[in-house]
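Trainee: Below are the structure tokens for one structure; questions will follow.
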Amino acid sequence: MSTMEEQSLKEELLAMDRRHLWHHMSPHNDHPVIFAEGQGSWVTDVEGNRYLDGMSGLWCVNVGHGREEIALRAFEQMKTIAYTPLMQSHLPAIRLAEKLSGWIGGPEYRIFFSNSGSEANEVAFKIARQYHHQNGEPTRHKFISRHRAYHGNSMGALAATGQAQRKRKYEPLGMGFQHVPPPYCYRCPFGQSPESCRLECARAIEEAIVWEGAETVAGVIMEPAITGGGVIVPPSGYLPAIREICDKHGVLLIIDEVITGFGRSGERLGHHNYGITADIVTMAKGLTSAYAPLSATAVRAELYEAFRGAGDDTHFRHVNTFGGNPVSCAVALQNLEILEREGLVERAAELGEGLRLRLAGLAEHPHVGDLRFFGFIAGIELVEDRASKEPASADKVMKVLSFCRSRGVILGKNGDTVPGYANIVTAAPPFVTTEAELDLIAGTLREALESL
Ligand code: PMP
């Protein structure tokens, strides 16, 4: 195709896009890039421009783009049987549930399949409430979450989310969700430094439980490290302290592994980084590397037993048509096989370290307030001024991201363009990224910052 033909095709597609498509999370006057192909860590737009996919889509295409063996597995499964509801059973769901239990490790879990991270969290909330009901504590219905956290777009998952700008105009949301400050060491909400820290952030969760009345609290939900809300990595003692607090008060610990799971943290799951066991684990994104929609809620076998009554009233009354679709489960199995065969969990840990070393030089830049890393995730917190820590303007953050994109590197930012929310630039590339591609990310980011 000639350049002119390409240009007119793009104009035509953009006009159709504007006429028919409603984009996610975007002002109407945004100019979308129309992507056409992907291979490895790279994506190509309809004009043939190539970009390094430094965010793996939305933190999800972990095994990289263009994996033919996943496509073939989906094709085979569609030919064999494309659908069975999960009131019945099918081979890919059985095999995947078994495999997931192995990935989580520790005690026995039962796996409930849905389609998205939001749904996996809704399922976790419903299971937690019903469990307490059937376990003789029917007043336990509240959930504690953290400010800045994101747990999904539906009315319960959004209620668990701790970011006002995502909730405004959609309230009232699900009831019974309380928020406490996050373990945000760079801007410690309790005014502490690493030397004076007594894990006040963990104690805030205990205080919320006590002041709400432990007999009313069903669960605590958290990511191992807050990802989309700003790459906020807790001190090493935080999660073990939360585990103890939950045990002490009979509260279930729900770990949201939607982003951190399947190698992104450098371990199989993000809570493994802290050596704790979860009561409920929610997973999506990297479960299929986004080749098909699928999510899972893993629940400790003891909880599952509380749903085993003889009557019609004790089982979990929750169904979704597509959750655990055989094609999605087959895709997930192939994806996990790739992660295992190619050692990509270990590779993600190495790449994370490689990215850390390459970005370390940015620490002294006048607009870099803090550099944070969790497995193969980087968060670069931009500020106007290092001394005052005033968050960089949305405009500056957009300039950095646009510069990188113009050089063919896609990076992300957390949240909306609200000052103080969106000043953290993020990177979470596919696990097949090469050393040279890490150099490209770090070099481009450095130039982008220098251009400010
Ligand atoms: N939990 C976390 C931590 C997430 O980052 C997301 C999505 N980015 C969700 C839940 C919701 O997942 P989904 O978009 O698949 O509903």
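Trainee: Please specify each residue of region 58-87 satisfying the condition of being more than 30 Å from Met25 (Cβ to Cβ), surrounded by 13 or more Cβ atoms within 10 Å (Cβ to Cβ) and among the β-branched types (Val, Ile, Thr).
Mentor: Scanning region 58-87 gives Thr80, Thr84.
Trainee: Follow-up question, since we're still on this one. Of all residues in region 53-92, which are polar (S, T, N, Q) and assigned to a helix (DSSP H, G or I)? First the steps, then the outcome.
Mentor: In the first step, residues of region 53-92 are kept if they are polar (S, T, N, Q); the result is 56, 62, 77, 80, 84, 88-89.
Result: Ser56, Gln77, Thr80.
Trainee: Here's a check for you: in region 143-189, which residue that is in a helix (DSSP H, G or I) and more than 14 Å from the ligand (Cβ to nearest atom) is nearest to Tyr238 (Cα to Cα)? Give the derivation first.
Mentor: Restricting attention to region 143-189, the residues satisfying the condition of being in a helix (DSSP H, G or I) are 155-160, 164-167, 185-187.
Remaining after also requiring more than 14 Å from the ligand (Cβ to nearest atom): 164-165, 167, 185-187.
On the way: Ala164: 24, Gln165: 27, Lys167: 27, Cys185: 12, Tyr186: 15, Arg187: 16 Å.
So the residue we want is Cys185.
Trainee: Residue by residue through region 356-381, note down the ones that are surrounded by fewer than 23 Cβ atoms within 10 Å (Cβ to Cβ), in contact (Cβ under 8 Å) with a residue 60 or more places away in the chain and of a type in the set (A, V, I, L, M).
Mentor: Leu359, Leu362, Val368 - these are the residues of region 356-381 that are surrounded by fewer than 23 Cβ atoms within 10 Å (Cβ to Cβ), in contact (Cβ under 8 Å) with a residue 60 or more places away in the chain and of a type in the set (A, V, I, L, M).
Trainee: Is it fair to say Tyr304 is over 19 Å from Gly152 (Cα atoms), touching a residue at least 60 places away in the same chain (Cβ under 8 Å), under 21 Å from the mean Cα position of the chain (by Cα) and surrounded by 15 or more Cβ atoms within 10 Å (Cβ to Cβ)? Please lay out each step first, then the result.
Mentor: Values: over 19 Å from Gly152 (Cα atoms): yes; touching a residue at least 60 places away in the same chain (Cβ under 8 Å): yes; under 21 Å from the mean Cα position of the chain (by Cα): no; surrounded by 15 or more Cβ atoms within 10 Å (Cβ to Cβ): yes.
No, not satisfied.
Trainee: For region 278-288, indicate whether the set of residues that are in contact (Cβ under 8 Å) with a residue 40 or more places away in the chain and of a type in the set (D, E, K, R) is non-empty.
Mentor: yes
Trainee: Just the residues that are of a type outside the set (A, V, I, L, M, F, W, C), at pLDDT 95 or above and surrounded by fewer than 16 Cβ atoms within 10 Å (Cβ to Cβ), please, taken from region 413-445.
Mentor: Filtering region 413-445 down to residues of a type outside the set (A, V, I, L, M, F, W, C) leaves 413-417, 419-421, 423, 426, 429-430, 433-435, 437, 439, 443-444.
Subset that is at pLDDT 95 or above: 426, 429-430, 433-435, 437, 439, 443-444.
Hits for region 413-445 are Thr434, Glu435, Asp439, Gly443.
Trainee: Quick check: anything in region 225-233 within 16 Å of the ligand (Cβ to nearest atom), in a strand (DSSP E or B) and buried (at least 18 other Cβ atoms within 10 Å of the Cβ)?
Mentor: Here is the first cut: in region 225-233, the residues within 16 Å of the ligand (Cβ to nearest atom) are 225-233.
Add one more test, that the residue is in a strand (DSSP E or B), and what stays is 226, 232.
Applying the additional criterion that residues be buried (at least 18 other Cβ atoms within 10 Å of the Cβ) yields 226, 232.
Scanning region 225-233, I find at least one residue that is within 16 Å of the ligand (Cβ to nearest atom), in a strand (DSSP E or B) and buried (at least 18 other Cβ atoms within 10 Å of the Cβ), so the answer is yes.
Residues are listed down the side, and each one gets a yes or a no for (1) in the same structural domain as Glu257 (by TED's automatic domain parsing); (2) at pLDDT 95 or above; (3) in contact with a strand residue (DSSP E or B) (Cβ under 9 Å, 6 or more places away or on another chain):
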{"position": "Gly176", "(1), (2), (3)": "yes, yes, yes"}
{"position": "Val180", "(1), (2), (3)": "yes, yes, yes"}
{"position": "Pro183", "(1), (2), (3)": "yes, yes, yes"}
{"position": "Pro194", "(1), (2), (3)": "yes, no, no"}
{"position": "Ala202", "(1), (2), (3)": "yes, yes, no"}
{"position": "Val217", "(1), (2), (3)": "yes, yes, yes"}
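Trainee: Could you count how many residues in region 270-283 are surrounded by fewer than 24 Cβ atoms within 10 Å (Cβ to Cβ) and either under 16 Å from the mean Cα position of the chain (by Cα) or within 14 Å of the ligand (Cβ to nearest atom) (or both)? I'd like the intermediate steps shown before the answer.
Mentor: The first filter runs over region 270-283 and keeps only residues surrounded by fewer than 24 Cβ atoms within 10 Å (Cβ to Cβ), leaving 272-277.
When the remaining residues are screened for being either under 16 Å from the mean Cα position of the chain (by Cα) or within 14 Å of the ligand (Cβ to nearest atom) (or both), the result is 272-273.
The number of residues fulfilling the criteria is 2.
For (1) within 13 Å of the ligand (Cβ to nearest atom); (2) assigned to a helix (DSSP H, G or I); (3) at positive phi, each residue gets a yes or a no:
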| position | (1), (2), (3) |
| --- | --- |
| Leu253 | no, no, no |
| Tyr304 | no, yes, no |
| Gly311 | no, no, no |
| Arg317 | no, no, no |
| Ser328 | yes, yes, no |
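Trainee: Being in contact (Cβ under 8 Å) with a residue 60 or more places away in the chain and polar (S, T, N, Q) is the filter here; which residues of region 81-117 pass it?
Mentor: Matches in region 81-117: Thr84, Ser101, Ser114, Asn115, Ser116.
Trainee: Output the number of the condition that Leu452 fails; it satisfies all remaining conditions of (1) within 24 Å of the chain's Cα centre (by Cα); (2) at pLDDT below 95; (3) of a type in the set (A, V, I, L, M).
Mentor: (1)
Trainee: Can Arg140 be described as over 24 Å from the mean Cα position of the chain (by Cα), more than 16 Å from the ligand (Cβ to nearest atom) and outside any helix (DSSP H, G or I)? So that I can check it myself, show each step before the final result.
Mentor: On the way: over 24 Å from the mean Cα position of the chain (by Cα): yes; more than 16 Å from the ligand (Cβ to nearest atom): yes; outside any helix (DSSP H, G or I): yes.
Judged against the criteria, Arg140 is a match.
Trainee: Within region 20-59, track down each residue that is of a type in the set (Gly, Ala, Ser) and within 21 Å of Pro429 (Cα to Cα). Spell out how you get there, then give the answer.
Mentor: Residues of region 20-59 of a type in the set (Gly, Ala, Ser): 26, 36, 38, 40-41, 48, 54, 56-57.
Once the filter is applied, which keeps residues that are of a type in the set (Gly, Ala, Ser) and within 21 Å of Pro429 (Cα to Cα), region 20-59 yields Ala36, Gly38, Gly40, Ser41, Gly48, Gly54, Ser56, Gly57.
Trainee: Scan region 110-137 residue by residue and report those that are of a type in the set (A, V, I, L, M, F, W, C) and within 11 Å of the ligand (Cβ to nearest atom). Step through it out loud before you land on a result.
Mentor: So in region 110-137, the residues of a type in the set (A, V, I, L, M, F, W, C) come out as 111-113, 120, 123-125, 127-128.
Result: Ala120, Ala124.
The values are calculated or read from the model by the stated rules, or taken from the named source; none is laboratory data. In this text the structure is predicted, and so the values were computed from the model without any measurement. Every residue, glycine as well, gets a Cβ built from its backbone with ideal geometry; the counts of neighbours run over all protein chains shown.
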